[in-house]
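Structure record follows, encoded as structure tokens.
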Ligand SMILES: C[S@@+](CC[C@H](N)C(=O)[O-])C[C@H]1O[C@@H](n2cnc3c(N)ncnc32)[C@H](O)[C@@H]1O
């Protein structure tokens, strides 16, 4: 699939997934997002860009971390978070959530990771679980390097190795039923040393990385199916399935999770993430 088409599939898919994403993923992704934010070590007053921000699960806590405390004493400057995503629905969601949460230091910009149309420079660039969907992740990292000030920091996370992600059969099951090829290189960045190597090739120094094993817990079939088919990158393909194709794809997916079924009828699916961080010299 060419890059333009991949971006179109992603944009339309995530525009659909926005309404379901948090319900199915907010608990599941928390450990990886916490580790990313810890690696970023944000400080009050810092300006941050969050690339592929989704609904703001990382952007909003980041905005709270860089805001000046509302206490007595001389008022310090609030840092700002510029939340960017390819999906306009995601960007609208982040803006709405920032507003309803009383966060006045969040800006939303709709742009692809490979071409950031933002005003830098930033102190910190974040990209949480977005790079696997980008047709040219190396280009996206060069863009993050470009918009950082010298000495600025980057922290990026991706899913880990395919064999350690119990849900990995999903893409094949969907691709067999619709010519979607959702994310051709999804697990490529999760291999040993790959993400850290990409950061170094983009020009970052002091690069470190950490692998994190977690489990994705689903209470029942509906939750497992919803997370995979409604709240993620195959949402567009799923919307085009007729009812019998959808039922067959869902059945195949649940069969692929059979080893992870719990006694209570839910699932405990292994998942792995890689977090890498570094600095622009
Ligand atoms: C799994 S979500 C991650 C959202 C958020 N960062 C988080 O940790 O919850 C992936 C996001 O990547 C975005 N995305 C996919 N391709 C992109 C691209 N080429 N440029 C920018 N964002 C992209 C999607 O729209 C989606 O919001």
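Do we find a residue being within 9 Å of the ligand (Cβ to nearest atom), surrounded by 19 or more Cβ atoms within 10 Å (Cβ to Cβ) and assigned to a helix (DSSP H, G or I) anywhere in segment 51-60? It would help to see each step written out before you state the result.
Within segment 51-60, the subset within 9 Å of the ligand (Cβ to nearest atom) is 51-59.
With the extra rule that they be surrounded by 19 or more Cβ atoms within 10 Å (Cβ to Cβ), the set shrinks to 51-59.
Next, only the ones that are assigned to a helix (DSSP H, G or I) stay: 59.
Yes.
Output the number of residues of segment 118-139 satisfying the condition of being closer than 19 Å to residue 79 by Cα, over 13 Å from the mean Cα position of the chain (by Cα) and at pLDDT 95 or above. Before you say what the answer is, go through the steps one by one.
Initially, segment 118-139 is screened for residues closer than 19 Å to residue 79 by Cα, giving 118-127.
Of the ones still in play, those that are also over 13 Å from the mean Cα position of the chain (by Cα) are 118-125.
Still in the list and also at pLDDT 95 or above: 118, 121-125.
Matching residues across segment 118-139 total 6.
May I ask you to verify whether residue 35 is closer than 14 Å to residue 130 by Cα, surrounded by 15 or more Cβ atoms within 10 Å (Cβ to Cβ) and out of contact with any helix residue (DSSP H, G or I) (no Cβ under 9 Å at 6 or more places or on another chain)? Walk me through it before giving the result.
Values: closer than 14 Å to residue 130 by Cα: no; surrounded by 15 or more Cβ atoms within 10 Å (Cβ to Cβ): yes; out of contact with any helix residue (DSSP H, G or I) (no Cβ under 9 Å at 6 or more places or on another chain): yes.
Against the criterion (closer than 14 Å to residue 130 by Cα, surrounded by 15 or more Cβ atoms within 10 Å (Cβ to Cβ) and out of contact with any helix residue (DSSP H, G or I) (no Cβ under 9 Å at 6 or more places or on another chain)), residue 35 does not qualify.
Can you confirm whether residue 73 is more than 9 Å from the ligand (Cβ to nearest atom), farther than 18 Å from residue 152 by Cβ, part of a loop (DSSP other than H, G, I, E, B) and at pLDDT below 95?
Values: more than 9 Å from the ligand (Cβ to nearest atom): yes; farther than 18 Å from residue 152 by Cβ: yes; part of a loop (DSSP other than H, G, I, E, B): yes; at pLDDT below 95: yes.
Considered against the rule, which asks whether it is more than 9 Å from the ligand (Cβ to nearest atom), farther than 18 Å from residue 152 by Cβ, part of a loop (DSSP other than H, G, I, E, B) and at pLDDT below 95, residue 73 comes out as yes.
Quick check on this structure: which one of 11, 7, 16 is assigned to a helix (DSSP H, G or I), within 11 Å of the ligand (Cβ to nearest atom) and farther than 20 Å from residue 158 by Cα?
Details: 11 fails: farther than 20 Å from residue 158 by Cα; 7 fails: farther than 20 Å from residue 158 by Cα.
Only one candidate qualifies: 16.
Limited to segment 23-35, what total is found for residues that are assigned to a helix (DSSP H, G or I), more than 8 Å from the ligand (Cβ to nearest atom) and either free of Cβ contacts under 8 Å to residues at least 60 places away in the same chain or more than 10 Å from residue 232 (Cα to Cα) (or both)?
Looking only at segment 23-35, we keep the residues that are assigned to a helix (DSSP H, G or I), and these are 23-25, 30-35.
If we keep only those that are more than 8 Å from the ligand (Cβ to nearest atom) as well, we get 23-24, 30-31, 34-35.
Next cut, either free of Cβ contacts under 8 Å to residues at least 60 places away in the same chain or more than 10 Å from residue 232 (Cα to Cα) (or both) only: 23, 30-31, 34-35.
Selection size over segment 23-35: 5.
Return the residue satisfying two criteria in turn: it lies in segment 106-138 and is crowded, with 19+ Cβ neighbours inside 10 Å and within 16 Å of residue 65 (Cα to Cα), and of such residues it is farthest from the ligand (Cβ to nearest atom).
123
Can you tell me which of (1) in a strand (DSSP E or B); (2) surrounded by fewer than 19 Cβ atoms within 10 Å (Cβ to Cβ); (3) within 15 Å of the chain's Cα centre (by Cα) is the one residue 84 doesn't meet?
(2)
Pairs needed: first member in segment 145-158, on the phi > 0 side of the Ramachandran plot; second member anywhere, assigned to a strand (DSSP E or B); C-beta distance under 7 Å; at least 6 residues apart or different chains.
Correct list of pairs: 151/279.
Only residues that are under 14 Å from residue 167 (Cβ atoms) and not in a helix (DSSP H, G or I): list them for segment 216-229, please. Explain how you work it out, then say what you get.
Taking segment 216-229 first, the residues under 14 Å from residue 167 (Cβ atoms) are 216-218, 221, 223-229.
Listed by number, the residues that qualify are 216, 217, 218.
Answer with yes or no whether residue 63 is closer than 30 Å to residue 223 by Cβ, in contact with a helix residue (DSSP H, G or I) (Cβ under 8 Å, 6 or more places away or on another chain), away from the ligand (no atom under 11 Å from the Cβ) and touching a residue at least 24 places away in the same chain (Cβ under 8 Å). Break it down into steps so the answer makes sense when it comes.
Details: closer than 30 Å to residue 223 by Cβ: yes; in contact with a helix residue (DSSP H, G or I) (Cβ under 8 Å, 6 or more places away or on another chain): yes; away from the ligand (no atom under 11 Å from the Cβ): yes; touching a residue at least 24 places away in the same chain (Cβ under 8 Å): yes.
Considered against the rule, which asks whether it is closer than 30 Å to residue 223 by Cβ, in contact with a helix residue (DSSP H, G or I) (Cβ under 8 Å, 6 or more places away or on another chain), away from the ligand (no atom under 11 Å from the Cβ) and touching a residue at least 24 places away in the same chain (Cβ under 8 Å), residue 63 comes out as yes.
Among the numbered criteria (1) touching a helix residue (DSSP H, G or I) at 6+ places or on another chain (Cβ under 9 Å); (2) surrounded by 22 or more Cβ atoms within 10 Å (Cβ to Cβ); (3) not in a strand (DSSP E or B), which single criterion is violated by residue 91?
Just one mismatch for residue 91, condition (1).
The values are calculated or read from the model by the stated rules, or taken from the named source; none is laboratory data. Here the structure is a predicted model, which is why all the values come from computation and not from measurement. In this analysis, Cβ positions are derived from the backbone assuming ideal geometry, glycine residues included, and neighbour counts consider all displayed protein chains.
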